[in-house]
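The values are calculated or read from the model by the stated rules, or taken from the named source; none is laboratory data. Remember, predicted model here, so these are calculated numbers, not experimental data. Note that we place each Cβ from the backbone using ideal geometry, even for glycine, and neighbour counts take in every protein chain shown. The protein model used for the area step is the full one, side chains on, heavy atoms only, and it has no ligands, DNA or RNA in it. Shrake-Rupley method; radii C 1.70, N 1.55, O 1.52, S 1.80 Å.
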Amino acid sequence: MKLYYFAAVFAATVSLVSCKKEITEEKKTVITENKPTEPEVFKEYYGIYTGDFSGKSNLYDKESKQYYESEDFKKLALKINRITKDSVYGTSIVDGKQRPFRGVFNEADKSFVLDEPGNDKYDGRFSIKLNKDSITGTWAAYDKKAVQAPLKNMKLVKKQFVYNPNLMLDPNIELIDWQNPKDIPEKYTDPETGKTETFVESQNRTATSAAGKINASKQKLAEKDLKNLRKFDLEILKNTVYARHGYAFKNGTFRNIFEQSEWYVPVSDDVDGELTPLEKENIALLSRMAKYAQDKYETFGR
């Protein structure tokens, strides 16, 4: 009886191990089968193409309660990663959002039809044409009611991304946070009557020139270097490190700032693994000090 029991247990164990092995092998097979194995062609077209991405949109004005036509203007980065006989693979980046695409390439007229997955309401189809190192064409949203401008035109130029710790912000860029205005109470005293009135004025936070002069990718920062800086200064210094690594900013404030620099090329929404030990130390310090720093708000005629 004992012999029969042990034989049964042994058989069940072997069966369980065998079953686990089959499951593991099946998963490996699925992964292998999903990986493209076709030979690559036209590698000279691989790369990042960036530029203007715009179209007509209807915006709603809350005060007048009416719609008006406006130009929806954005920046687009198209990354062509792989071309085979039957397919093209890559990603698109708009507003810091990275989406994969797959499509086809017509060798005769050097045109692409590239489809985003369709499981996001902002996905669509690129119909573009290649001319040397530039791309022109259109993008059409699958769901025309989900986006402000369902048809956009593009004019992109090929740019090479190379990490360079020496890159700095253009000194002519206005370091203003246009995305987050703040209503601040102000007082006005009439010099003739002496009567004081209080009104609310919309103001935007600003940075100092120090935000474009300190390099957190090359120099080890200390608290004494940062103690007199504004909160916005510290945030810009921190995000300049990420911009050098090609981080695709979802935050509109920093995306607008860095898109004004010719050297900025968004390539990924996750660059943490690319940061140097020095950059990680400086980012930790900048983040810590930004928690206690103050912002400066100013009025602009815009």
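When we screen K144, K129 for residues that are touching a Pro at 6+ places or on another chain (Cβ under 6 Å) and basic (K, R), the only hit is K144.
Being charged (D, E, K, R) and either open to solvent by 80 Å² or more (accessible area, probe 1.4 Å) or in contact with a Lys or Arg (Cβ under 9 Å, 6 or more places away or on another chain) (or both): is that true of K144 here? When the stated conditions are applied, K144 passes them.
Taking the criterion of being polar (S, T, N, Q), buried (at least 17 other Cβ atoms within 10 Å of the Cβ) and not in a loop (DSSP other than H, G, I, E, B), the residues of segment 204-222 that qualify are N204, T206. Report yes if some residue within segment 223-244 is over 18 Å from A211 (Cα atoms) and open to solvent by 40 Å² or more (accessible area, probe 1.4 Å); otherwise report no. Within segment 223-244, none of the residues are over 18 Å from A211 (Cα atoms) and open to solvent by 40 Å² or more (accessible area, probe 1.4 Å).
Filtering E197, E201 for residues that are part of a strand (DSSP E or B), modelled with pLDDT under 90, open to solvent by 100 Å² or more (accessible area, probe 1.4 Å) and of a type outside the set (K, R) leaves a single hit, E197.
Here's the yes/no breakdown for (1) of a type outside the set (G, A, S); (2) over 23 Å from the mean Cα position of the chain (by Cα); (3) open to solvent by 80 Å² or more (accessible area, probe 1.4 Å):
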residue	(1), (2), (3)
G90	no, no, no
I93	yes, no, no
G96	no, no, no
D109	yes, yes, no
D115	yes, no, no
D120	yes, no, no
D123	yes, no, no
K129	yes, yes, yes
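Counting only residues that are in a strand (DSSP E or B) and either at pLDDT below 70 or within 19 Å of S134 (Cβ to Cβ) (or both), segment 23-54 holds 8 of them. I'd like to check something: does segment 74-85 contain any residue that is of a type in the set (K, R), farther than 21 Å from N153 by Cβ, open to solvent by 30 Å² or more (accessible area, probe 1.4 Å) and at pLDDT 95 or above? Yes, some residue in segment 74-85 is of a type in the set (K, R), farther than 21 Å from N153 by Cβ, open to solvent by 30 Å² or more (accessible area, probe 1.4 Å) and at pLDDT 95 or above.
Matching residues to (1) touching a Ser or Thr at 6+ places or on another chain (Cβ under 6 Å); (2) among the hydrophobic types (A, V, I, L, M, F, W, C); (3) closer than 18 Å to P165 by Cα:
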| site | (1), (2), (3) |
| --- | --- |
| S209 | no, no, no |
| L234 | no, yes, yes |
| H245 | no, no, yes |
| A248 | no, yes, yes |
| G252 | no, no, no |
| S261 | no, no, yes |
| G273 | no, no, yes |
| P277 | no, no, yes |
| I283 | no, yes, yes |
